[in-house]
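Undergrad: The following block contains the structure, expressed as structure tokens.
Any read-out appearing in this document is the output of simple, stated calculations on the displayed coordinates, not a laboratory observation. Note that this is a predicted model, so its numbers are computed, not measured. Every residue, glycine among them, receives a Cβ derived from its backbone with ideal geometry; neighbour counts consider all protein chains shown.
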Amino acid sequence: MPWLPSSMIQHLDKNFIDPILVKIHDQPTYYAHVEEEADGKPWFHNIKEYLTKGEYPELANPTQKYTLRRLSNNFFHSGGILYRRIPDLGLLRCVDAKEASRLLEKIHAGTCSPHINGFVLAKKILRAGYFWMTMETDCIQYVRK
């Protein structure tokens, strides 16, 4: 049989559609959202506590403990400040919601601010050396305002 692109191969049963299996988890994932900090602690509080004291949050199940251990590999704690490691061996300072909104306003108010989109704003914040988990989403929402 000669080589044919996948779009040209005919299925034996023309009405057959391969099923897509979706696995649904009954436990919530470990996710920190920057916009609201209901408990008054920053999104990185659990990571910082784990790195400094080696303690897990109360009522954490084994899956959440594993996720926290894996997630903390990307972070570095020094002098009371938490940093995120990036592939080029640089460090980005982790910020809370208040500081994140202040950074959005200051950096977006700079040169060419009316023409900047959310992705470019996020890259500018990264180049300035700051990080938070929902940075790209927050930048896109901020620019849309």
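Undergrad: Let me know the volume per residue of the alpha-carbon convex hull for the range 84-145, in Å³.
TA: Enclosed volume per residue, from the Cα hull, is 79 Å³.
Undergrad: Also, quick follow-up: Among all the lysines, which ones have a C-alpha under 24 Å from Lys48's C-alpha, if same-chain residues fewer than 8 places away are not counted?
TA: Here the lysines satisfying the reach criterion relative to Lys48 are Lys65, Lys98.
Undergrad: Sticking with this one: For the pair Ala109 and Arg85, what calculated FRET efficiency results from E = 1/(1 + (r/R0)^6), where r is the Cβ-Cβ distance and R0 = 30 Å, to the nearest 0.05?
TA: Taking R0 as 30 Å, the efficiency between Arg85 and Ala109 is 0.55.
Undergrad: Over the range 38-145, one equal point on each Cα, no solvent: what is log10 I(q)/I(0) by the Debye formula at q = 0.09, 0.15, 0.20, 0.22 Å⁻¹?
TA: -0.27, -0.70, -1.06, -1.18
Undergrad: Could you please report the charge total around His77, scoring K, R as +1 and D, E as -1 over all other residues with beta-carbon less than 13 angstrom from its beta-carbon?
TA: +4
Undergrad: Using θ = phi - 60° and the Karplus form 6.51 cos²θ - 1.76 cosθ + 1.60, what ³J(HN,Hα) does each residue of the range 86-92 get, whole Hz, x for Gly and Pro?
TA: Computed from phi, the couplings for the range 86-92 are 10, x, 8, 6, x, 10, 10 Hz.
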